[in-house]
Amino acid sequence: MASVDVPVALLGYGTVGAAVNRLLTESADDIERATGHRLRLVKALVRDIDKERDYPPAGDVLTTDFREIADDPSIAVVAEVMGGLEPAGTHVLELLRGGKHVVSANKQLIARSGAKLFEAATSTGVQLRFEASVCAAIPVIKVLRESLVVTNVHRVLGIVNGTTNFVLTEMEGGKTYAQALAEAQERGYAEADPTDDVSGADAAAKMAILATVAFKSRFDLADVDYTGITEIDPADVNAARQLDMVIRLVGVAQHLDGHVDVRVHPALVDKQHPLAKVDGAFNAVMLQGDAIREITLEGPGAGGIETASAVIADITTVIGTMRTGFLQNDAAWRVLPKLPPGDNRSPFYFRMSVEDRPGALAQVADELARREISIARLLQHQNGDGAELHVVTHQARQGALEDALVALGELSSVHRRSRPLPVVSDRGVSELGWA
Ligand code: NAP
Ligand code: HSE
C-alpha cells in the first residue's frame with residue numbers, strides 16, 4: 001500500500017520539540033510500517049532562529065512567523081510544545097478554528113483553557129489531544145479514555161511531577177535542595193521557569209486534567225488545592241525516615257458521594273506503599289475504580305525524549321482516527337460539585353513542641369478526641385527542656401484537624417506546631433474500602 005505523506009509542524013523547538021524531531025527522523029521507517037503514514041517535520045516556530053540547538057532541524061524548518069504554519073493548508077497536524085499560556089493559547093485556538101488538529105504537551109494551557117479549546121475543536125471537527133501534558137511517557141490519558149471507558153474510576157492517586165520527585169529523592173541521598181533542583185533543570189525535567197514545579201502548580205494542573213478525564217466533569221487549576229515542596233524542611237525528611245516513611249509530592253483526585261476533591265500536597269508515604277518506591281524523575285498514577293480495583297502506571301514523568309514519545313503517539317492516533325470515533329470529543333460532559341473545604345479525609349502527620357510535664361500529652365490527645373480524631377502512631381523526643389511530639393492520626397476530617405491544631409496552638413504548654421501533612425499508606429486505602 002502506498003504511504004501517505006503527512007507534513008507536521010511544531011510550535012516550539014526546545015527540549016521536547018527537538019526530541020520530537022529526533023524521534024520522527026530516527027523512527028520514520030517504524031512509524032510508516034506501523035501506520036502507513038510518513039510523518040515529516042516541515043516547520044517549527046521558535047523565538048530565536050540563530051540559537052544553538054541540540055538536534056538542529058534541516059533547511060528552513062525553523063521560523064519566527066506563526067503565519068507560515070497557520071496559513072499552510074498542507075499542514076494538517078501541529079504539536080504545541082512551546083509552553084506558557086500566551087502566545088501558545090491564541091495560536092492553538094487559531095489552529096483549531098482553522099481546521100488543524102493539535103496535540104499539546106502544555107498542562108497549564110489544557111488545565112486553564114480546556115473548555116474553550118475543546119469548543120473550538122468540536123466546532124471545526126478536529127482533534128485536540130494532550131497525552132504529553134500529563135506524566136510524559138506514561139499513557140494515562142489513553143488508558144482512562146479508552147481502556148477504562150466503562151469503569152467508574154473514583155480515585156486517582158499519584159506522583160505527577162518529575163522535577164520535585166527527583167529533588168526529594170536526591171535530598172534523601174544527601175544533596176541540598178538547590179543542588180538537586182539545578183540538576184533537574186540541567187537534565188531538562190523542569191519547566192522553563194521551575195517555580196511551577198516546586199510550587200506544586202505543575203502537578204496541580206496535571207491533577208486537574210486527570211480529574212476531568214477520570215470523572216468526565218471539568219476541573220481546572222483553580223479547583224485544585226495545592227502546596228509545593230518549597231517549605232519542606234530537613235526536619236520533615238528526618239521525621240519521615242524515623243517513621244519508616246518518605247516525603248513525596250502526592251496528587252489525589254477523589255469522587256466521593258457525588259462530590260469531587262482534587263489536591264496536591266507533600267505527604268508522608270509509608271515505605272511499604274508503591275508510591276514510596278517511585279524515585280528520581282519517575283511518575284506513577286494509581287487508578288482505583290469499581291471493576292478494576294486498582295491499576296498502577298509507572299514510568300518516566302519528564303524529559304525530552306520521554307515526552308516526545310507521547311507527542312508522536314498522539315499524532316499517530318490523530319491520523320488513525322481523523323473524522324471518526326469519539327476521541328476528538330471533550331472528555332467532560334457533566335458537572336460535579338467540589339467537596340466543601342475541610343471535608344477531605346486522610347490520615348495526617350503533624351509535630352509539635354510541648355512542655356515536658358504531666359498532662360501536656362493528655363491535653364493534645366483531649367483536643368484531638370473532642371473532634372473524633374484518633375492517634376495511630378506517636379513518637380516523642382527530648383528537645384532541650386521540652387518534648388517534640390510526632391503524631392500520625394487515623395483517618396480524620398482535615399477541617400477538624402485544623403481546628404484542633406488551632407486550639408492546641410493556644411495552649412500555654414504548646415510551644416510550636418507544624419502544619420499537617422497527609423499520610424499515604426495501604427492501611428488508609430483499605431480503611432476506605434478501595435483495596
Ligand atoms: P523549552 O525547552 O523551554 O522550549 C520551548 C520552545 O518554545 C523553545 O523552542 C522556544 O523558542 C519556543 N517558544 C517559547 N515561547 C515562544 C514564543 N513566544 N514564540 C515562539 N516560540 C516560543 O520547553 P520544553 O521543556 O521543551 O517544554 C515545552 C512544553 O512541554 C511545556 O508546555 C512543558 O510543560 C511541556 N512538557 C515538558 C516536559 C519536559 O520534561 N521538558 C515534559 C512534559 C511536558 P526558542 O528555542 O527560540 O527559545
Ligand atoms: N516539569 C515537568 C515535571 C515536566 O518535572 O514533571 C513534565 O510535565
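Look through VAL269, VAL237, VAL224, VAL250 and report the one residue that is in contact with a His (Cβ under 8 Å, 6 or more places away or on another chain) and within 22 Å of ARG419 (Cα to Cα).
VAL250
Looking at (1) in the same structural domain as GLU186 (by TED's automatic domain parsing); (2) assigned to a strand (DSSP E or B); (3) surrounded by fewer than 16 Cβ atoms within 10 Å (Cβ to Cβ), find the lone condition where ILE295 falls short.
Here ILE295 clears every test but (3).
Select from the range 193-217 the residues that are part of a loop (DSSP other than H, G, I, E, B) and buried (at least 24 other Cβ atoms within 10 Å of the Cβ) and list them in ascending order.
GLY200
Tally up the residues in the range 70-116 that are in contact (Cβ under 8 Å) with a residue 60 or more places away in the chain, outside any helix (DSSP H, G or I) and among the hydrophobic types (A, V, I, L, M, F, W, C), please.
Residues meeting the conditions: 9.
Based on this model, can you work out whether ALA253 counts as more than 16 Å from ligand 1 (Cβ to nearest atom), part of a strand (DSSP E or B) and open to solvent by less than 10 Å² (accessible area, probe 1.4 Å)?
Yes: the conditions hold for ALA253.
Could you check ALA76 against (1) within 21 Å of ALA19 (Cα to Cα); (2) open to solvent by 50 Å² or more (accessible area, probe 1.4 Å); (3) of a type in the set (A, V, I, L, M); (4) more than 9 Å from ligand 1 (Cβ to nearest atom) and say which number it fails?
(2) is the only condition that ALA76 fails.
Yes or no: ARG145 more than 9 Å from ligand 2 (Cβ to nearest atom), modelled with pLDDT of 95 or more and among the charged types (D, E, K, R)? Write out each step before concluding.
Details: more than 9 Å from ligand 2 (Cβ to nearest atom): yes; modelled with pLDDT of 95 or more: no; among the charged types (D, E, K, R): yes.
Here the answer is no, as ARG145 does not meet what is asked.
Every residue in the range 1-14 that is at pLDDT 95 or above and either within 27 Å of the chain's Cα centre (by Cα) or loosely packed, with under 15 Cβ neighbours inside 10 Å (or both), please.
Passing the criteria: ALA9, LEU10, LEU11, GLY12, TYR13, GLY14.
List the residue pairs whose Cβ atoms are under 9 Å apart, where the first residue sits in the range 305-327 and is more than 15 Å from ligand 1 (Cβ to nearest atom) and aliphatic (A, V, I, L, M), the second is in a loop (DSSP other than H, G, I, E, B) and at pLDDT 90 or above, and the two are 6 or more positions apart or on different chains.
So the pair list comes out as VAL318/ALA76; VAL318/VAL126; VAL318/GLN127; ILE319/ALA76; MET322/ALA76; MET322/VAL126; MET322/GLN127; LEU327/GLN127.
If you take the residues in the range 218-246 that are of a type in the set (Ser, Thr, Tyr) and buried (at least 17 other Cβ atoms within 10 Å of the Cβ), which one is nearest to ligand 1 (Cβ to nearest atom)?
By that ranking, first place goes to TYR226.
Give the range 334-368 a look and list any residue that's of a type in the set (A, V, I, L, M), more than 28 Å from ALA235 (Cα to Cα) and surrounded by fewer than 19 Cβ atoms within 10 Å (Cβ to Cβ), or say none.
VAL335, LEU336
Just to check your reading of the model, which residue among VAL42, VAL77, VAL61 is away from ligand 2 (no atom under 16 Å from the Cβ) and in contact with a His (Cβ under 7 Å, 6 or more places away or on another chain)?
Every option except VAL77 fails the conditions.
When the range 167-192 is examined, which residues are found to be at pLDDT 90 or above and outside any helix (DSSP H, G or I)?
Scanning the range 167-192 gives ARG187, GLY188, TYR189, ALA190.
In the range 320-335, is there at least one residue being under 30 Å from GLY399 (Cβ atoms), at pLDDT 90 or above and not small (Gly, Ala, Ser)?
Yes, the range 320-335 contains at least one residue that is under 30 Å from GLY399 (Cβ atoms), at pLDDT 90 or above and not small (Gly, Ala, Ser).
Does the range 20-42 include one or more residues that are under 22 Å from PRO300 (Cα atoms), open to solvent by less than 20 Å² (accessible area, probe 1.4 Å) and within 10 Å of ligand 1 (Cβ to nearest atom)?
Scanning the range 20-42 turns up at least one residue that is under 22 Å from PRO300 (Cα atoms), open to solvent by less than 20 Å² (accessible area, probe 1.4 Å) and within 10 Å of ligand 1 (Cβ to nearest atom).
What single numbered condition from (1) away from ligand 1 (no atom under 16 Å from the Cβ); (2) modelled with pLDDT under 95; (3) surrounded by 11 or more Cβ atoms within 10 Å (Cβ to Cβ); (4) outside any strand (DSSP E or B) fails to hold for ASP54?
Only one criterion in (1) away from ligand 1 (no atom under 16 Å from the Cβ); (2) modelled with pLDDT under 95; (3) surrounded by 11 or more Cβ atoms within 10 Å (Cβ to Cβ); (4) outside any strand (DSSP E or B) is unmet by ASP54, namely (1).
What pairs come out if I take residues in the range 165-194 that are farther than 19 Å from ASN106 by Cα and not assigned by TED's automatic domain parsing to the domain that holds ASP54 and pair them with residues that are of a type in the set (Phe, Trp, Tyr) and in a loop (DSSP other than H, G, I, E, B) whose C-beta lies under 8 Å away, six or more apart or interchain?
Every condition considered, the pairs that remain are PHE166/TYR189.
Can you report the number of residues in the range 117-166 which are part of a loop (DSSP other than H, G, I, E, B) and either away from ligand 1 (no atom under 11 Å from the Cβ) or open to solvent by 10 Å² or more (accessible area, probe 1.4 Å) (or both)? Before you say what the answer is, go through the steps one by one.
Residues of the range 117-166 part of a loop (DSSP other than H, G, I, E, B): 125-127, 130, 134-139, 148-152, 160-161.
The next check asks that each one be either away from ligand 1 (no atom under 11 Å from the Cβ) or open to solvent by 10 Å² or more (accessible area, probe 1.4 Å) (or both); those that pass are 125-127, 130, 137, 139, 148-152.
Result for the range 117-166: 11.
The values are calculated or read from the model by the stated rules, or taken from the named source; none is laboratory data. The shown structure was predicted, so the numbers you read here are calculated from the model rather than taken from an experiment. Reconstructed Cβ throughout: ideal geometry from the backbone, glycine too, with neighbour counts over all protein chains shown. Note: areas computed on protein heavy atoms with side chains; ligands, DNA, RNA excluded. Shrake-Rupley method; radii C 1.70, N 1.55, O 1.52, S 1.80 Å.
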